[in-house]
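The values are calculated or read from the model by the stated rules, or taken from the named source; none is laboratory data. What you see is a predicted model; the values in this text were computed from it and never measured. Cβ: placed from backbone, ideal geometry, glycine included. Neighbour counts: every protein chain shown. Side chains included, ligands, DNA and RNA excluded: accessible areas come from the protein's heavy atoms. Shrake-Rupley method; radii C 1.70, N 1.55, O 1.52, S 1.80 Å.
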Amino acid sequence: MKLLAALCEARMPSTVFEPDDIEKLLVLKVTGFVEADIPPMLLDEESYRYSAPAVVLKVTERGFAACQTHEQKA
């Protein structure tokens, strides 16, 4: 939820560089909280990595609602 909360406050489009955050972003995209371009993964000397940073295009209404619900519970 920390990533979603940060994205709710961020100016769009927003670039995500860290692989762990890109993994979280993938979950946020699949659940409909954000619209984002997620780069493909590449095999690089026996390990996987993302080919480029991810770009968040927007936080959806569902994403903003989740942020508000989480803030109310905190």
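A few points about this structure:
- Identity of the residue in segment 60-70, open to solvent by less than 40 Å² (accessible area, probe 1.4 Å) and not β-branched (V, I, T), that ends up nearest to T15 (Cα to Cα): G63
- Of all residue pairs spaced 6 or more apart or on separate chains, those with beta-carbon atoms under 8 Å, a first member in segment 30-50 that is open to solvent by less than 60 Å² (accessible area, probe 1.4 Å) and a second member that is among the hydroxyl-bearing types (S, T, Y) and assigned to a loop (DSSP other than H, G, I, E, B) are G32/T60; F33/T60; V34/T60; P39/S51.
- Within segment 53-64, residues that are over 14 Å from L3 (Cβ atoms) sit with their Cβ atoms under 9 Å from residues that are polar (S, T, N, Q) and not in a strand (DSSP E or B), at 6+ positions apart or across chains, in these pairs: R62/T31.
- Leading residue by the ranking (nearest to the chain's Cα centre (by Cα)) among those in segment 1-55 that are small (G, A, S) and under 28 Å from K73 (Cα atoms): A36
- Conditions (1) open to solvent by less than 90 Å² (accessible area, probe 1.4 Å); (2) more than 19 Å from H70 (Cα to Cα); (3) free of Cβ contacts under 8 Å to residues at least 12 places away in the same chain; number of the one not met by L26: (3)
- Pick from segment 27-59, criterion part of a strand (DSSP E or B) and more than 13 Å from P13 (Cα to Cα), ranking: modelled with the lowest pLDDT: D44
- The residues of segment 5-23 that are outside any loop (DSSP other than H, G, I, E, B), under 14 Å from P53 (Cβ atoms) and free of Cβ contacts under 8 Å to residues at least 40 places away in the same chain, listed by number, are P19, D20, D21, I22, E23.
- T15 open to solvent by 50 Å² or more (accessible area, probe 1.4 Å), in contact with a strand residue (DSSP E or B) (Cβ under 9 Å, 6 or more places away or on another chain), closer than 18 Å to K2 by Cβ and β-branched (V, I, T): yes
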